[in-house]
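Everything below concerns the one structure shown next.
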Amino acid sequence: MEVAHAQPTPASPWHKASYTNDRGECVEVSEGPITGVRDTKHRELGALFFNADEWQAFLHTAQEDIH
């Protein structure tokens, strides 16, 4: 038996990241109470969703890795 898992519906439109490599590999983000992240080349695979605390922790870690 296959079980379908419903994904949250983002509250805001999807926005493509401003950084894209020369092959067009990029992600889209929909921010809101639940933030979604998906691959622009494989939207049909769905997205990862994060609550506000998880998203802030991700951003904090990503910014620290840059510095």
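Rule-based calculations on the coordinates, nothing more; no lab input. None of the values given here were measured: they were computed from a predicted structure. We place every Cβ from the backbone using ideal geometry, glycine too, and count neighbours over all the protein chains shown.
Structure notes:
- THR40 long-range amide H proximity, modeled H, under 5 Å: CYS26, VAL27, GLU28
- Relative contact order [Cα under 8 Å, 6+ residues apart], the chain, whole percent: 23
- The residues packed around HIS15, meaning those with a beta-carbon under 9 Å from its beta-carbon, carry a net charge of -1 if Lys and Arg are +1 and Asp and Glu are -1.
- For the chain, built as a Gaussian network whose Cα springs stay under 10 Å, the top-fluctuating residue of GLU44, GLU54, GLU31: GLU44
- Listed residues GLY32, GLY24, GLY46, most fluctuating in the chain (Gaussian network, C-alpha, under 10 Å): GLY24
- Extending 7 Å from the Cα toward the beta-carbon at both HIS15 and ARG43 defines two label points whose distance is 1.7 nm.
- Between ASP53, ASP39, ASP22, the GNM of the chain built on Cα springs shorter than 10 angstrom shows ASP22 fluctuating the most.
- Computed [θ] at 222 nm, deg cm²/dmol, the chain (DSSP H ≥ 4; -39,500 (n - 2.57); rounded to nearest 500): -7500 deg cm²/dmol
- Cα gyration tensor category, rounded, prolate or oblate, for the chain with a/c compared to 1.5: oblate
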